[in-house]
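S.K.: One structure follows; several queries about it will come next.
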Amino acid sequence: MARTVKLSRVGTVLADHDYPTSRDRAVSAFDDVTLLLADGEANLGRTLDEMTSDSFASVEELELELYSHLPVAAVGEPGQSEGEG
């Protein structure tokens with residue numbers, strides 16, 4: 001079943017996976033996830049496949065590398081907030 005998630009909420013999806021994990025296992029686990037980015041959307045599995053690390057010790061490590069891999073335009077304007085109100 002395909003899933004869609006805002007980039008700001010991607011940690012909740014990544015947390016459903018067992019860690020440590022390899023990049024290949026993460027790619028397979030998240031190939032059905034569409035990330036909603038500030039400048040469009042991207043397949044999470046394909047995005048993970050483009051990253052350089054071969055393994056991730058924790059969800060935090062994977063999320064940090066994901067954010068550092070994405071271009072600034074995908075994340076949004078510096079200082080921009082989605083806000084809750």
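The values are calculated or read from the model by the stated rules, or taken from the named source; none is laboratory data. Fair warning: this is a prediction, and the values are worked out from it, not measured in the lab. Neighbour counts run over all protein chains shown; Cβ positions are idealised from the backbone, glycine included. We work out accessible area using only protein heavy atoms, side chains counted, and drop any ligands, DNA or RNA first. Shrake-Rupley method; radii C 1.70, N 1.55, O 1.52, S 1.80 Å.
S.K.: Can you tell me which residue among T52, T21 is of a type outside the set (F, W, Y) and either surrounded by 16 or more Cβ atoms within 10 Å (Cβ to Cβ) or within 12 Å of the chain's Cα centre (by Cα) (or both)?
M.R.: Numbers: T52 fails: either surrounded by 16 or more Cβ atoms within 10 Å (Cβ to Cβ) or within 12 Å of the chain's Cα centre (by Cα) (or both).
Of the residues listed, the single one that is of a type outside the set (F, W, Y) and either surrounded by 16 or more Cβ atoms within 10 Å (Cβ to Cβ) or within 12 Å of the chain's Cα centre (by Cα) (or both) is T21.
S.K.: Go through region 17-80 and tell me which helices (runs of 4 or more DSSP H), entirely inside it, have 1 or more residues that are at pLDDT 95 or above and of a type in the set (K, R).
M.R.: Working: elements: 23-29, 44-49, 59-69, 72-75.
So the answer is 23-29, 44-49.
S.K.: Another one. Counting just the residues of region 6-18 that are closer than 18 Å to D49 by Cα and touching a strand residue (DSSP E or B) at 6+ places or on another chain (Cβ under 6 Å), which one comes out surrounded by the most Cβ atoms within 10 Å (Cβ to Cβ)?
M.R.: L7
S.K.: Please give the number of the condition A38 fails out of (1) in contact (Cβ under 8 Å) with a residue 60 or more places away in the chain; (2) of a type in the set (A, V, I, L, M); (3) open to solvent by 30 Å² or more (accessible area, probe 1.4 Å).
M.R.: (1)
S.K.: Condition check: more than 21 Å from G76 (Cβ to Cβ) and of a type in the set (A, V, I, L, M, F, W, C). Does A38 satisfy that? Write out each step before concluding.
M.R.: Working: more than 21 Å from G76 (Cβ to Cβ): no; of a type in the set (A, V, I, L, M, F, W, C): yes.
No.
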